[in-house]
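First comes the structure, then the notes that go with it.
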Amino acid sequence: MKIVLVILLFTVVMLIMQTASPVRTTRDMIFAYKHSMLLSKAETIASSLNNNLVLSGEGAQEVVSVLGSSDVGQIVITDAEGIVLFNSGGNSPAAETYALFPEIVSALKGNDAFRCIYNGNAFLSYGAIPIMVGNVITGCVYVADEDQEQAEILNQIQQNAFRMAIVAVLVSLLVFLGAGFVIIRNNNRMLESIRLVREGNYSHRLESRGHNEYAVLAGEFNALTDRLQKTEESRRQFVSDASHELRTPLAAIRLLSDSIIQNDLDQETIREFVQDISSESDRLTRMTSKLLNLTALDSKQYVVQETETVNLGECCRKAVRMLTPLATELGAVIEQSSEQNCCVIAREDEVFQVVLNLAENGLKYTQQNGQVRLIAFAQGESAILIVEDNGIGIPEEELDRIFERFYRVDKARSREAGGTGLGLAIVRETVEKYGGTVEASNRAQGGARFTVRFPLYRWEGEP
Ligand code: ADP
């Protein structure tokens with residue numbers, strides 16, 4: 001509103017100046033016209049009277065009647081003492097007062113004199129010129145004029161300019177008030193929306209039409225709330241999925257312990273139940289540790305952590321060493337073939353977790369005679385890790401979704417295999433944290449293949 005008022009004030013001042021200027025110019029032009037007109041008339045009369053050292057009233061009257069006096073209001077001719085010899089004006093002031101008129105005083109000293117006044121109703125002009133015979137001043141010609149017609153024209157110009165200025169001020173007032181109203185309304189909408197979103201209404205959107213600044217601002221605001229809404233939704237989803245997933249093993253533990261307490265079971269059954277309780281609590285532990293892992297990944301995403309040079313091949317060898325007993329137990333084979341110096345810049349425990357999660361999945365989702373292969377090699381600017389198996393594979397339409405938190409193709413099978421639905425989410429988030437990508441595909445000969453690409457670390461001096 002302040003800006004609008006300042007601009008309005010500025011416009012009004014500009015308009016006043018603009019309207020005053022033509023009026024002043026017209027008035028100055030009339031002054032100049034009167035000056036030249038009156039003095040040239042006086043000059044003509046004076047030059048007709050400069051042949052006699054002694055001026056006479058009759059001589060003056062004769063000259064005036066020849067030259068005419070209708071174009072000026074009054075012609076007065078005085079002698080060198082200022083005594084009026086001729087006066088064309090009817091109801092003019094007393095003859096003896098003329099000698100005191102400033103124009104006549106000035107002319108009798110040898111100077112041309114002129115004065116013009118605009119009193120609002122008429123232009124009053126007075127001029128006087130000395131009558132010279134050689135170097136001798138013999139008298140003066142005094143001319144006076146009252147022009148109401150020009151004054152009327154000037155008045156009209158003034159009134160028109162004033163009316164136009166009023167119209168212009170009113171129009172700009174309307175325009176500025178309109179603009180001010182639009183700005184204030186948009187501002188209030190924006191404030192109201194910010195307040196709503198701050199209070200948690202993330203679905204609120206600002207209406208944005210056109211391509212003006214407000215529309216751009218509204219677009220940015222909507223993009224921001226969109227992002228907030230998505231974050232909030234995934235947070236809620238995560239909390240609800242996590243509590244749901246945690247409830248299942250807890251319910252099983254509760255059921256099993258209730259059965260032990262309430263029924264008179266034989267030693268063997270109790271042993272079985274306690275084993276189940278133990279495996280369910282193992283699952284709980286695994287799940288909580290993976291959840292903590294994910295939360296840490298979330299919060300440390302933008303924090304620069306200490307990194308090191310991690311040998312991808314070494315991680316594969318370690319994972320194979322660790323998983324060989326499990327593979328033997330499952331009647332499967334796990335092997336690796338990796339290049340020596342295929343390194344990435346990351347944290348070793350995190351990269352190892354990626355390799356381990358993928359390799360464990362390979363074992364979990366293979367049938368009889370399972371084979372899991374880990375390959376690490378450098379290609380161009382990437383360090384590539386491939387983990388493939390000859391297992392059940394992944395339905396094509398689920399290939400993208402398996403990286404979502406808690407997403408499992410076959411819940412029952414995953415649970416049976418001790419899965420949590422968090423392993424691949426951890427893989428993706430870790431890989432992306434170090435600027436890499438991960439994708440899942442199915443092998444032509446059956447089984448799944450996971451391809452991870454990290455930015456390759458090159459040793460100094462290496463081509
Ligand atoms: P889980 O703990 O259930 O294994 P993950 O996040 O590791 O959770 O995997 C998500 C889902 O992706 C699994 O439940 C499974 O359905 C599918 N999946 C993962 N790896 C493989 C694989 N090698 N072969 C077939 N399916 C797989």
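From Cα pairs below 8 angstrom and at least 6 apart in sequence, can you work out the relative contact order of region 320-374, rounded to a whole percent?
Numbers: 43 pairs, mean separation 28.6, N = 55.
Relative contact order comes out at 52 percent.
Between region 28-75 and region 364-411, how far is it from one alpha carbon centroid to the other, in angstrom?
Spelled out, the Cα-based centre of one part sits 118 Å from the other.
In nanometres, what is the gap between the two model label sites at ASN155 and LEU5, each 7 Å from Cα along Cα-to-Cβ?
According to this spin-label approximation, the distance is 3.8 nm.
If you wrap a convex hull around the Cα atoms of region 141-287, how much volume per residue is inside, in Å³?
On the way: hull volume 26.3 nm³, N = 147.
Dividing the Cα hull volume of region 141-287 by its residues yields 179 Å³.
Quick one: what are the phi-derived ³J(HN,Hα) couplings along region 218-232, Karplus 6.51/-1.76/1.60 with θ = phi - 60°, whole Hz, x for glycine and proline?
In residue order, the calculated couplings are 5, x, 5, 4, 5, 5, 5, 5, 4, 5, 4, 4, 5, 4, 5 Hz.
From a point 7 Å beyond the Cα of ALA80 in the direction of its Cβ, which residues of region 100-136 have a backbone N at a distance under 13 Å?
Answer for this model: 108-110, 131-136.
So what J values fall out for region 237-253 if you push phi through Karplus, 6.51 cos²θ - 1.76 cosθ + 1.60 with θ = phi - 60°, rounded to Hz, Gly and Pro as x?
4, 4, 5, 5, 4, 4, 5, 5, 5, 6, 5, 4, x, 5, 5, 5, 4
Under a no-solvent Debye model with one identical scatterer per Cα of region 209-253, what's log10 I(q)/I(0) at q = 0.30 Å⁻¹?
Normalising to I(0) and taking log10 leaves -0.93.
For LYS230, go through the lysines and keep the ones whose alpha-carbon is under 30 Å away, minus same-chain ones fewer than eight residues off.
LYS290, LYS300, LYS411, LYS433
How many times 2.2 N^0.38 Å is the alpha carbon radius of gyration of region 213-298? It would help to have the intermediate numbers written out before the result.
On the way: Rg = 22.2 Å, N = 86, 2.2 N^0.38 = 12.0 Å.
So the Cα radius of gyration is 1.85 times the expected 2.2 N^0.38 Å.
Rounded to a whole number of µm²/s, how large is the Stokes-Einstein D of the chain at 37 °C and 0.692 mPa s, given Rh as the Kirkwood radius over C-alpha pairs?
Details: Rh = 33.0 Å.
Once the numbers are plugged in, D ends up at 99 µm²/s.
How long are the semi-axes of the equivalent ellipsoid of region 306-455, taking √(5λ) for every eigenvalue λ of the Cα gyration tensor, in whole Å from largest down?
23, 17, 14
What is the log10 of I(q)/I(0) for region 301-351, computed with the Debye formula using one identical point scatterer on each Cα and no solvent, at q = 0.13, 0.24, 0.27 Å⁻¹?
For the requested q values the scattering log ratios are -0.41, -0.87, -0.98.
Using a 1.4 Å probe, what is the accessible area per residue for the chain, in Å²?
On the way: 27020 Å² over 463 residues.
Heavy-atom accessible area per residue stands at 58 Å².
Evaluate the relative contact order of region 216-291 (contact order divided by residue number), counting alpha-carbon pairs under 8 angstrom at least 6 apart; express in whole percent.
Values: 24 pairs, mean separation 25.5, N = 76.
About 34 percent, as a whole number.
Given a 1.4 Å probe and every protein chain left where it sits, what share in percent of the accessible area of the chain is carbon and sulfur? Can you show the working numbers first?
Details: 14860 of 27020 Å².
Its accessible area is 55 percent carbon and sulfur atoms.
Determine the order of SER279, SER299, SER259 by accessible area, beginning with the largest, at a probe radius of 1.4 Å.
On the way: SER279 60, SER299 80, SER259 30 Å².
Largest to smallest exposure gives the sequence SER299, SER279, SER259.
With only Lys, Arg, Asp and Glu charged, each at its Cβ (+1 for the first two, -1 for the last two), find how big the charge dipole of region 306-455 is about the Cα centre; round to the nearest 20 debye. Mind dumping the intermediate values first?
Working: 17 positive and 23 negative charges, 71 e Å.
For this selection, approximately 340 debye.
Can you give me the Cα centroid spacing of region 142-189 and region 219-298 in angstrom?
78 Å
Any chance you could list P(r) for region 1-109, counting all Cα-Cα pairs in 10 angstrom bins from zero, rounded to whole %?
Histogramming region 1-109 at 10 Å steps yields 12, 32, 22, 10, 10, 8, 5, 1 percent.
Please give the contour-minus-distance gain from SER56 to ASP264: 0.36 nm per residue of separation, less the Cα-Cα distance, rounded to one decimal in nm.
On the way: separation 208, 0.36 × 208 = 74.88 nm, distance 16.03 nm.
Taking 0.36 nm per residue and subtracting the Cα distance, the gain is 58.8 nm.
The values are calculated or read from the model by the stated rules, or taken from the named source; none is laboratory data. The model shown is predicted, which means the values in this text are computed figures rather than measured ones. With ideal geometry, Cβ positions are generated from the backbone for all residues, glycine too; neighbour counts draw on all protein chains shown. Quick note on the areas: whole protein, heavy atoms, side chains included, nothing else; ligands and nucleic acids left out. Shrake-Rupley method; radii C 1.70, N 1.55, O 1.52, S 1.80 Å.
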